[in-house]
Amino acid sequence: MSWEGLVAVDTDVAGLRRGDLNALSGLIARYQNRLYRYLLRIVRQPAEAEDLFQQTWLKVVEKIRAFDTSRNFDAWLFTLARNLAIDHLRRIHPQSLDEPLADDARGDTAADRLPSGEPAPFDRVLEAERRRHIGEAVESLPLIYREVLALRFEEEMKIEEIAQVTRTPLSTVKTRLRRSLQQMRVSLEARHPGADWQ
Amino acid sequence: MSEHDKIRELLALAAAGALTRAEEEQVAAHLRSCDTCSNEMNAWRSITGDLRRLPTPQPSPRLLQITIARAEQKIAERAEHDWNRRVMIFVVGFAWLLTIVSWPLFHLVSRLLSLLDPQFNHTWINFAGLTALAWLAGGTAAVMLAVWQRRERRMA
């Protein structure tokens, strides 16, 4: 995030602590896509992600006074969202969170159902197809791997920030990141044996 | 494990930008002399590049509206709760102040009255009466303020 962006976040956080509604709207507008995407990567179901999205912002309003302004708001926000998502998954999927969930990962992903926008040239279609395969492979991974990939590549968090959000040591984050990439590649090569992943 | 195998284990993390400076330099030096690892690194770079470009799902405008409305309601509830707490603290403080301040006043009035009528010496009864009155007034004020505040919020 740019320096101006960080200052704007600080201003909105200060405003929200005072109960300023505009500050809340500003924060939601700024984080809406990133937060929703992250929750969707974790729970995979749009309806559940939407519910958790609302719960996260209610939690932000409830806890904002306890937020230490010297810390990173992004990490704090994503930690709140993660805790809610993990609690939710524990409630509705009592099986181990480290295991992939059933066969529903084989179906269309939420990302697949997104409007594709403008008609694309042929190479862009191929590129989109490739990314669809990647998206499917990510969805088939266990939660802890999906999460670390989302935080690193979509939220562009540093390893230290991921460790903060997931409350795990740096070495664990690195191990998860490496294993998630390796497992994803194995999955891609198994599903699309003829494809060139270079 | 050979040097080659060790570096190969690091390639995925190298493409993810998750290595230390020393590890990065070690990998870079090896890649200059190893075509196999260089090709492998290209494969990882390609995959991590695709991961960075995955489509971003957008929350619906309806979801945003509902979220903002619910959050605003929560903020209003919190503000009302804060206000009620402040009023309660004020009222309790006021009642105590009134109780303490009234003591010398009533003592004086009682003495004056007992000068006029020596049979009249009800200082403690008067003081207790005043205390009850002060606390009753404070409580009534708190209830009235809370009702007024709630009505104001509903109209807003």
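Quick notes on this one:
- When residues of segment B:64-100 are limited to those that are among the polar types (S, T, N, Q) and within 17 Å of B:ALA137 (Cα to Cα), the one modelled with the highest pLDDT: B:ASN84
- Residue in segment B:17-28 that is within 30 Å of A:LEU27 (Cα to Cα), free of Cβ contacts under 8 Å to residues at least 60 places away in the same chain and in contact with a Lys or Arg (Cβ under 9 Å, 6 or more places away or on another chain) present: yes
- Boolean, A:SER25 is at pLDDT below 85 and either buried (at least 20 other Cβ atoms within 10 Å of the Cβ) or of a type in the set (Gly, Ala, Ser) (or both): no
- Qualifying residue in segment A:21-39 (condition: more than 16 Å from B:SER60 (Cα to Cα), outside any helix (DSSP H, G or I) and small (Gly, Ala, Ser)): no
- Test for A:ILE42: is it out of contact with any Ser or Thr (no Cβ under 8 Å at 6 or more places or on another chain), exposed (fewer than 15 other Cβ atoms within 10 Å of the Cβ) and closer than 17 Å to A:ARG146 by Cβ: no
- B:GLU72 surrounded by fewer than 17 Cβ atoms within 10 Å (Cβ to Cβ), closer than 30 Å to A:ASP51 by Cβ and touching a helix residue (DSSP H, G or I) at 6+ places or on another chain (Cβ under 6 Å): yes
- For segment B:1-9, the condition holds for at least one residue, the condition being that it is in contact with a Leu (Cβ under 9 Å, 6 or more places away or on another chain), in a helix (DSSP H, G or I) and either within 30 Å of A:GLU154 (Cα to Cα) or among the basic types (Lys, Arg) (or both).
- Screening segment B:54-64 for residues that are more than 7 Å from chain A (Cβ to nearest Cβ) and of a type outside the set (D, E, K, R) and picking the one that is farthest from A:ALA128 (Cα to Cα) gives B:PRO61.
- Some residue of segment A:21-32 being touching a residue at least 40 places away in the same chain (Cβ under 8 Å), closer than 30 Å to A:LEU89 by Cα and at the interface with chain B (Cβ under 8 Å from one of its Cβ atoms): no
- Hey, A:ALA81 part of a helix (DSSP H, G or I) and surrounded by fewer than 17 Cβ atoms within 10 Å (Cβ to Cβ) or not: no
- Selected residue [modelled with pLDDT under 90, among the aliphatic types (A, V, I, L, M) and surrounded by 16 or more Cβ atoms within 10 Å (Cβ to Cβ)] from A:VAL61, A:VAL9: A:VAL9
- Sole exception among (1) of a type in the set (Ser, Thr, Tyr); (2) more than 7 Å from chain A (Cβ to nearest Cβ); (3) more than 30 Å from B:GLY129 (Cα to Cα) for B:SER46, by number: (2)
- Going through (1) closer than 30 Å to A:ILE64 by Cβ; (2) without any contact (Cβ under 8 Å) to a residue 24 or more places away in the chain; (3) within 14 Å of chain A (Cβ to nearest Cβ) one by one, B:LEU51 falls short only on (1).
The values are calculated or read from the model by the stated rules, or taken from the named source; none is laboratory data. Worth saying up front: this structure is predicted, and the values here are computed from it rather than measured. Positions of Cβ are generated from backbone atoms using ideal geometry, with glycine treated the same way; all protein chains shown enter the neighbour counts.
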